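The values are calculated or read from the model by the stated rules, or taken from the named source; none is laboratory data. The model shown is predicted, which means the values in this text are computed figures rather than measured ones. For neighbour counting, all protein chains shown are included, and Cβ atoms are generated from backbone atoms with ideal geometry for every residue, glycine included.
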Amino acid sequence: MDEATRLLAPLRIDAGSLRLDCSSEWLEEHLGRFSVCGVRLADGVEDQAYDYAEDAVVPTDPVPLRSAHLPLLAGFIAGPLTPPGLCVGFAEVALDREPMPEILAEARRPDFRPHDGTVRTLAGHRGRLVGLLSAEPGMRTTTRMDARISQYSEYFPGKLVGMHYDNVLTDRGEGERFSRSVRAQLSDRRGLCNIGPGDRLLVLGLNMTALQLSDRLRPGDGQHVPDTRQLRTLLRNEPSGAAGIVCLVVRLAPGEMAVFPAGNSLHDGSMTGCRLPSEAVVIAGRFPRLRR
């Protein structure tokens, strides 16, 4: 059995699973952009070398997918009634025609407040500017705690977060920090557009959404608010649990965009295997589905 089959074959799909907002034909046509991986807890060497937060969840090396693996992903394709809050969509951004210079100028201002930028439109998705993310080749994960943001449920200034659920709540009630019963309906989705110069990866947990974590920890409790700290505690107490988490890895070339439920999907960026640095613009909003 090859490694991708070993990872995907045991997966079981339920109402809280992440879904791909595309047709099976589109997925087959673009399969070269996708791979899969597992996760593990950062070890002491990585904690020291890369300054990870304690018990950070990090992805393993990505494994390419082939046509033979498509049946194993078929159940993760969104149906007509799947809520946007569980869907990952894909789009292309015309970097030479979108208002990119204005967006970059705003995001780079010294007084820019992440998650509170001007409302912008990228590839038909209209939402507030979250910020600009930079990543260097070889980074296994890319997100660092930003000292300008105080809305985290846990806070390790300057450290690499590892895979996580976004858990922001702005003064206007926008974000993801909602209870299990309404999280898929009320949470924002993020639109992440790679502006280059190189590719970047987006790693998305298929079978450990925030809804599934809540069901694992507090079954039947619709008021429970799941977060990354709870996942880290679970995996620290049950280390074998990390072996069961499987992720889809999406490669984004410059001008490609992923729209994903950052508060429900366990996720992070990655630069594994990428030779050039990358910047990405991020917007957030309750984006409707745009199926490919």
Criterion: within 26 Å of Gln212 (Cα to Cα) and in contact with a Leu (Cβ under 7 Å, 6 or more places away or on another chain) - qualifying residue of Gly117, Gly89 = Gly89
Residue within the stretch 238-247 that is surrounded by fewer than 19 Cβ atoms within 10 Å (Cβ to Cβ), farther than 26 Å from Asp61 by Cβ and of a type in the set (Asp, Glu) present = no
ask   = Does Leu86 qualify as being at pLDDT 85 or above, within 26 Å of Ala49 (Cα to Cα) and in contact with a strand residue (DSSP E or B) (Cβ under 7 Å, 6 or more places away or on another chain)?
value = no
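Residues are listed down the side, and each one gets a yes or a no for (1) assigned to a loop (DSSP other than H, G, I, E, B); (2) hydrophobic (A, V, I, L, M, F, W, C); (3) crowded, with 18+ Cβ neighbours inside 10 Å:
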| residue | (1), (2), (3) |
| --- | --- |
| Thr5 | no, no, no |
| Pro10 | yes, no, no |
| Ser17 | yes, no, yes |
| Ala68 | no, yes, no |
| Leu73 | no, yes, yes |
| Gly79 | yes, no, no |
query = Within the bounds of the stretch 217-231, is there any residue that is touching a residue at least 60 places away in the same chain (Cβ under 8 Å), farther than 22 Å from Leu129 by Cβ, in contact with a Pro (Cβ under 7 Å, 6 or more places away or on another chain) and β-branched (Val, Ile, Thr)?
reply = no
task = Might you let me know whether the stretch 42-57 holds any residue that is part of a helix (DSSP H, G or I), farther than 24 Å from Cys274 by Cβ and in contact with a Leu (Cβ under 6 Å, 6 or more places away or on another chain)?
result = no
task = Could you please let me know if Thr228 is modelled with pLDDT under 95, of a type in the set (Val, Ile, Thr) and surrounded by fewer than 16 Cβ atoms within 10 Å (Cβ to Cβ)?
result = no
message = modelled with pLDDT under 95 and within 23 Å of Asp188 (Cα to Cα): which single residue out of Arg289, Arg236 fits that description?
response = Arg289
ask   = Restricting attention to the stretch 200-249, which residues are among the aliphatic types (A, V, I, L, M) and under 25 Å from Leu169 (Cβ atoms)?
value = Leu202, Val203, Leu204, Met208, Ala210, Leu211, Leu213, Leu217, Val225, Leu231, Leu234, Leu235
key: Every residue from the stretch 81-116 that is within 29 Å of Asp171 (Cβ to Cβ), under 20 Å from the mean Cα position of the chain (by Cα) and in a loop (DSSP other than H, G, I, E, B)   = Pro83, Val93, Pro114, His115, Asp116
query = List, please: which pairs have Cβ atoms under 8 Å, are six or more places apart or on different chains, and start with a residue in the stretch 263-292 that is under 23 Å from Arg229 (Cα atoms) and end with one that is in a loop (DSSP other than H, G, I, E, B) and among the basic types (Lys, Arg)?
reply = Gly263/Arg177; Ser270/Arg140
note = Those residues of the stretch 19-49 that are of a type in the set (Ser, Thr, Tyr) and surrounded by fewer than 17 Cβ atoms within 10 Å (Cβ to Cβ) come to a total of 2
note = Residues in the stretch 189-213 that are out of contact with any His (no Cβ under 6 Å at 6 or more places or on another chain) and more than 19 Å from Phe76 (Cα to Cα) total 11
